[in-house]
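Single-structure report; data block below.
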Amino acid sequence: MQTIIRKSRKQGWYPYLFVSPFFILFCVFGLYPILYSIFTSFFDWKLIGTSAPRFVGLGNYTNVLTQDPFFWKALLNTVILLVTGSLLQHFIAIPLAIMINSKTVKGKEFFKTSFFLPYITSTVSVVIIFGVLFDTNYGIVNWLIGFVSDAAKIRWLQESFGIKVVLSVVLNWKYIGWNMVIYLAGLQAIPYELYEAAMIDGASTLRKHISITIPQLLPIIFFGVALSIIGGMQIFEEPFILTGGYEQLGGHQNSGLTAAYYLMFTAFKAYRLGKGSAIAWLIFLVILTLNGVNRYVTKKLEG
Amino acid sequence: MKSSIIVKKALLYLILGIMALVFAYPFYNVFVLATWPGDQVLRSPPHFFFGGGLAENFRQLVSRIPFGRNFFNSLGIALTSTISVIFFCTMAGFAFAKYRFRFRDQLYFFVIASMAIPGFLNIIPFYKMMVRFGWINTWLPLVVPGMAGAFGIFLMTQFLENSLPNDVIEAARIDGLGDLGILMRIVFPLARPAMAVLGIVTFVGSWNNFTGPLILMPKIEATTLPVALSLLNSRVDNNQGALMLGNALTLLPLILIFVFFSKQIISGLTAGAVKG
């Protein structure tokens, strides 16, 4: 008895030891900088130069919201890309998952893996490839368009509309497979009996999916849309590389300038850390709001 | 009736086939273009077959960026991250899955909740901190903070809860193994399948990381392949052949890993989502 008690007391602090690396690292490299960035956002704080940080209260926030010519533009661009690049693709991913899940299709694994591959490739590689595919004079896209239309070649990477189209294509191409795999797992969890009843009633395929599949998938759609909002509002790498880095600030008419891109520019090119931190918290508020809307809409749809 | 089913089926395969082509063609294109000399990469009509400029492209590539260094940095950071993530996350997952201790549920909730925090919120003070630590242009800021990542802890806790029988642990305890002994000799060997999933996912994520090295490793000799490629891409005297080959060589390891481990990668990357 004595030994067991001693033993159990000794093992008492082992679990704390085992989980401690996460908490130490998170406090030092995660939590502390996050709290510090709230503090920073109230200061005029420059990375270079000798001037000491100066307290400006909400000055950075009001500056960004009322005087900055780029912030609203960047936010609008981000929301547009969120819709065309991240949200609309759920309308492609769900039918794709239904198609692959259909009993008549063989080679499910092949389709699943080939659709998923873009998700694990580095953004730099993806953007370099699509830069070539959408090249004005030599790209395959304009080459293919040339077969059906005699109109002047579209300058995809030099015009504001084209930049948004290419970015949307890249985002769709990269993330559809991931969403599809999630929906595929969701479809496989729907009980088959639900469809049997509909089959007896003679419902069409489309009818079946609208009245059974989609409602059954709602929790997964909510989750997928939430992840798309969180990811989409942070889009930085794709437009940054495609339009040519800090100097270009999103290319023609800043049409590729996203909120996170502008945050990075403000902090690491203009060296204004206080203002950059304020932008970061504003983006965070937008993410929270949009996810609140997502939750509200899902609740409504669930009835 | 019969023929309409055949038409439907053909249509289904046609759509899926076209989609597969759309997803696969850009990859094929990377490897095709990597073999054409720099001044012939961009051509109309576009290239569909391989050319003969591979060796020259390689010479151009290594003369423009320290390709060997960049490759070494990418590989070194990815491997050290992978090994440390596997170690620390299995250890924490074991504690959350198999121990009863005070505040366990609250601590686990904290780990899970930390995953929802957007990465950009801490980036500015984090950067200042790295400057102060003298860690800029070293591997440390890309390895150390993520050594015990929340996602890995979640993955390992799930796995060990479901797949590591309590009897095995009890038996080991009766045989006189202590907590560390059980971790080393029982948990690590039995957790191999989940460790493989976590390891591959960590490796891929680290290999592809762009924003991190962009900020933290600005020097071309110190940085990783994706950042070196983006620097090459934005240079005025850019050689297209070198760029295409560099891109192909960045993609190749990933594609090879994916060919062999696609099941583990897909299950690992969708683990949280499919469960939720």
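Within the bounds of region A:238-249, is there any residue that is in contact with a helix residue (DSSP H, G or I) (Cβ under 6 Å, 6 or more places away or on another chain) and closer than 21 Å to A:ILE98 by Cα? Scanning region A:238-249, I find no residue that is in contact with a helix residue (DSSP H, G or I) (Cβ under 6 Å, 6 or more places away or on another chain) and closer than 21 Å to A:ILE98 by Cα, so the answer is no.
For region B:102-117, does any single residue satisfy the condition of being closer than 24 Å to B:MET217 by Cβ and either under 26 Å from the mean Cα position of the chain (by Cα) or open to solvent by 50 Å² or more (accessible area, probe 1.4 Å) (or both)? For region B:102-117, residues closer than 24 Å to B:MET217 by Cβ and either under 26 Å from the mean Cα position of the chain (by Cα) or open to solvent by 50 Å² or more (accessible area, probe 1.4 Å) (or both): present. Of the candidates A:LEU206, A:LEU218, A:LEU194, A:LEU227, the single residue that is open to solvent by less than 30 Å² (accessible area, probe 1.4 Å) and on the phi < 0 side of the Ramachandran plot is A:LEU218. Meeting the requirement of 3 or more residues that are at the interface with another protein chain (Cβ under 7 Å from one of its Cβ atoms), the helices (runs of 4 or more DSSP H) wholly within region B:103-153 are B:104-114, B:123-133.
Taking the criterion of being touching a Ser or Thr at 6+ places or on another chain (Cβ under 9 Å) and either of a type in the set (D, E, K, R) or within 30 Å of A:GLU109 (Cα to Cα) (or both), the residues of region A:136-164 that qualify are A:LYS153, A:ARG155, A:GLU159, A:LYS164.
Within region A:98-121, does at least one residue satisfy the condition of being part of a loop (DSSP other than H, G, I, E, B), closer than 26 Å to B:SER234 by Cα, modelled with pLDDT of 90 or more and at the interface with chain B (Cβ under 10 Å from one of its Cβ atoms)?
Going through region A:98-121, the residues part of a loop (DSSP other than H, G, I, E, B) turn out to be A:102-107, A:121.
With closer than 26 Å to B:SER234 by Cα added as a condition, the list becomes A:121.
Add one more test, that the residue is modelled with pLDDT of 90 or more, and what stays is A:121.
With at the interface with chain B (Cβ under 10 Å from one of its Cβ atoms) added as a condition, the list becomes A:121.
For region A:98-121, residues part of a loop (DSSP other than H, G, I, E, B), closer than 26 Å to B:SER234 by Cα, modelled with pLDDT of 90 or more and at the interface with chain B (Cβ under 10 Å from one of its Cβ atoms): present.
Has region B:238-251 got any residue that is among the small types (Gly, Ala, Ser), within 10 Å of chain A (Cβ to nearest Cβ) and not in a helix (DSSP H, G or I)?
Initially, region B:238-251 is screened for residues among the small types (Gly, Ala, Ser), giving B:241-242, B:246, B:248.
Still in the running and within 10 Å of chain A (Cβ to nearest Cβ): B:246, B:248.
Imposing the further condition that a residue be not in a helix (DSSP H, G or I) reduces the set to none.
Checking region B:238-251: not a single residue is among the small types (Gly, Ala, Ser), within 10 Å of chain A (Cβ to nearest Cβ) and not in a helix (DSSP H, G or I).
Condition test on A:ALA267, is it within 20 Å of the chain's Cα centre (by Cα) and open to solvent by less than 30 Å² (accessible area, probe 1.4 Å)?
no
Tell me, which residue of region B:44-61 that is part of a helix (DSSP H, G or I) and open to solvent by less than 70 Å² (accessible area, probe 1.4 Å) is farthest from the other protein chains (Cβ to nearest Cβ)? Taking the candidates together, the pick is B:ALA55.
Of the helices (runs of 4 or more DSSP H) that lie entirely inside region A:190-303, those containing 3 or more residues that are within 14 Å of chain B (Cβ to nearest Cβ) and in contact (Cβ under 8 Å) with a residue 60 or more places away in the chain span A:214-232, A:237-243, A:259-268, A:273-302.
Of the residues making up region B:26-43, those that are in a loop (DSSP other than H, G, I, E, B) and either open to solvent by less than 20 Å² (accessible area, probe 1.4 Å) or closer than 23 Å to B:THR211 by Cα (or both) are B:ALA34, B:THR35, B:VAL41. Residues that are within 11 Å of chain A (Cβ to nearest Cβ) and in contact (Cβ under 8 Å) with a residue 12 or more places away in the chain within region B:170-193 comprise B:ILE182, B:LEU183, B:VAL187, listed in sequence order. All told, B:LEU160 meets the bar of being in contact with a Phe, Trp or Tyr (Cβ under 8 Å, 6 or more places away or on another chain) and in a helix (DSSP H, G or I). Restricting region A:37-90 to residues that are among the aromatic types (Phe, Trp, Tyr) and more than 14 Å from chain B (Cβ to nearest Cβ), which is surrounded by the fewest Cβ atoms within 10 Å (Cβ to Cβ)? That would be A:PHE55.
For the criterion of being touching a residue at least 60 places away in the same chain (Cβ under 8 Å) and assigned to a helix (DSSP H, G or I), B:VAL7 fails. Please determine, by comparing only the residues of region A:8-27 that are more than 8 Å from chain B (Cβ to nearest Cβ) and within 29 Å of the chain's Cα centre (by Cα), which one is nearest to A:ALA280 (Cα to Cα). Checking each candidate, the answer is A:CYS27.
The values are calculated or read from the model by the stated rules, or taken from the named source; none is laboratory data. Everything numeric in this text was worked out from a predicted model, so none of it was measured. So basically every Cβ, Gly included, is an ideal-geometry build from the backbone, and we count neighbours across all protein chains shown. Side chains are part of the model used for accessible areas, which takes the heavy atoms of the whole protein and leaves out ligands, DNA and RNA. Shrake-Rupley method; radii C 1.70, N 1.55, O 1.52, S 1.80 Å.
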